[in-house]
Ligand SMILES: Nc1ncnc2c1ncn2[C@@H]1O[C@H](COP(=O)(O)OP(=O)(O)OP(=O)(O)O)[C@@H](O)[C@H]1O
Ligand SMILES: [Mg+2]
């Protein structure tokens, strides 16, 4: 029923107000009651003394009950709220002013009376009410000397029976009644103000809840708060934090979508690149099987050679994909060591000698000193240089030149692989490190290449916390460069 925060707050406020109300009323009643009794007792302090001093109660050493009765009657007519009793020294009631059937006690407690006579006592002091077994009331008392025994007391109960009930008291007091009305009105006004304040506060929470709901339904739209006060109260801070969180989620979603798109593209590319050599392989092997008798020895050999070529291509593709996956998963724990870069470069060039000679291409390894050491994973750097060299070799015309320049620069060694081949158009430069990216895809369909070489290079350099850069002048040269920390 009370699901909303506003309803809960209002109910709590109501509860608190009722509690405070009850407390205030109780305190008011008790306080006014005590005050009234104190005043009454103070004002009537001398009543019992006057009775004792002004009248002749004793005749021949005995109490003259006829005088006493006359006095009682006279005083009751004068002030009906007074009830007068004559007590002996132990508190037993000897005579009283009321009708006989009204007095139920035979004696009253003497202690409050003695307490009343001590000067330090704080008023009001309540004594037993002879008209009721349970009740106590304020009184006035004065000792009266008995000739043949210890002193007795004149004991006057003040206020009488009329003021007994609270309702009676409120009814009888205009001030008490009107104070109650004012207090109640004050409570009602304060309650209304409280409810209004709560509604203002919860309204902001409601707005925030709505924004969160909207964002949940449509996370593409970042909720824009008109004014975000980071230094404001908790609700403001919550709003600001939600805004930041929503932005983060939004960008992460974007990221996820991009990754998802790339993944799908990768799967499509992989399937395509696997399908082509597989289909060709299957075609040639089937032809060999079906037309075996019709084919010449030379044709058979040619078909088998084509089949082997596609097998090799498949092999290379799968190996490259596997390598990339391994590098991606960061499974590759780099085995970092210090090694001689000049030696490594010379070794790699050595491996390419045959193919270089076929195309009449010259490779120069440039360095200042042969004692050039770097700290890196030697087998991965070998892979990088091989891939770069293998690309350069493919895109350089006959009699071309490839340069591997190794330069020490402060604490780093800069490695450049430069070729004077076809170059790369500026618009393609940002993409050549992407997986499966090839400038002229058609040209490569029948070749042994799938566009993964530079993606592997980039990944390896990143694993070494470095970056690879590329620049090119189309038709003139292409230049790849990266740095590695100097070794020892
Ligand atoms: N030195 C270069 N000169 C001109 N173009 C280049 C050079 N190096 C790379 N490219 C271009 O960048 C593309 C991507 O190169 P990458 O090495 O990633 O793939 P690939 O060599 O085609 O295939 P793979 O390396 O998997 O055998 C190449 O297809 C080519 O178009
Ligand atoms: Mg390559």
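The values are calculated or read from the model by the stated rules, or taken from the named source; none is laboratory data. The shown structure was predicted, so the numbers you read here are calculated from the model rather than taken from an experiment. Note: ideal-geometry Cβ built from the backbone for every residue, glycine included; neighbour counts use all protein chains shown.
Select from the range 96-113 the residues that are in contact with a strand residue (DSSP E or B) (Cβ under 7 Å, 6 or more places away or on another chain) and modelled with pLDDT under 85 and write down the one among them that is farthest from residue 67 (Cα to Cα). Steps first, answer last, please.
Of the residues in the range 96-113, the ones in contact with a strand residue (DSSP E or B) (Cβ under 7 Å, 6 or more places away or on another chain) are 96-98, 103, 105-109, 112-113.
Of the ones still in play, those that are also modelled with pLDDT under 85 are 96-98.
Working: 96: 12, 97: 12, 98: 15 Å.
Taking the candidates together, the pick is 98.
Surrounded by 14 or more Cβ atoms within 10 Å (Cβ to Cβ), within 16 Å of ligand 1 (Cβ to nearest atom) and under 53 Å from the mean Cα position of the chain (by Cα): is that true of residue 402 in this structure? Steps first, please.
Details: surrounded by 14 or more Cβ atoms within 10 Å (Cβ to Cβ): yes; within 16 Å of ligand 1 (Cβ to nearest atom): yes; under 53 Å from the mean Cα position of the chain (by Cα): no.
No: the conditions fail for residue 402.
Do you know which residues across the range 47-68 are surrounded by 12 or more Cβ atoms within 10 Å (Cβ to Cβ) and in contact (Cβ under 8 Å) with a residue 12 or more places away in the chain?
First, the residues of the range 47-68 that are surrounded by 12 or more Cβ atoms within 10 Å (Cβ to Cβ): 47-52, 55, 57-58, 63-65, 67-68.
Once the filter is applied, which keeps residues that are surrounded by 12 or more Cβ atoms within 10 Å (Cβ to Cβ) and in contact (Cβ under 8 Å) with a residue 12 or more places away in the chain, the range 47-68 yields 47, 48, 49, 51, 52, 55, 57, 58, 63, 65, 67, 68.
Which condition number does residue 315 fail, the rest of (1) within 21 Å of residue 432 (Cβ to Cβ); (2) within 16 Å of ligand 2 (Cβ to nearest atom) being met?
(1)
Please find, within the range 455-488, the residue that is nearest to residue 397 (Cα to Cα) out of those that are more than 16 Å from ligand 2 (Cβ to nearest atom) and free of Cβ contacts under 8 Å to residues at least 40 places away in the same chain.
Looking at the filtered set, the residue picked out is 469.
Kindly establish whether residue 320 is away from ligand 2 (no atom under 16 Å from the Cβ), closer than 24 Å to residue 462 by Cα, in a helix (DSSP H, G or I) and modelled with pLDDT of 90 or more. Walk me through how you get there before you give the answer.
Details: away from ligand 2 (no atom under 16 Å from the Cβ): no; closer than 24 Å to residue 462 by Cα: yes; in a helix (DSSP H, G or I): yes; modelled with pLDDT of 90 or more: yes.
Here the answer is no, as residue 320 does not meet what is asked.
Hey, residue 373 hits all of (1) within 16 Å of ligand 2 (Cβ to nearest atom); (2) touching a residue at least 12 places away in the same chain (Cβ under 8 Å) but one; which does it fall short on?
Here residue 373 meets the rest and fails (1).
Which numbered condition in (1) closer than 30 Å to residue 380 by Cβ; (2) surrounded by 12 or more Cβ atoms within 10 Å (Cβ to Cβ) is the only one that residue 282 fails?
So the condition that residue 282 fails would be (1).
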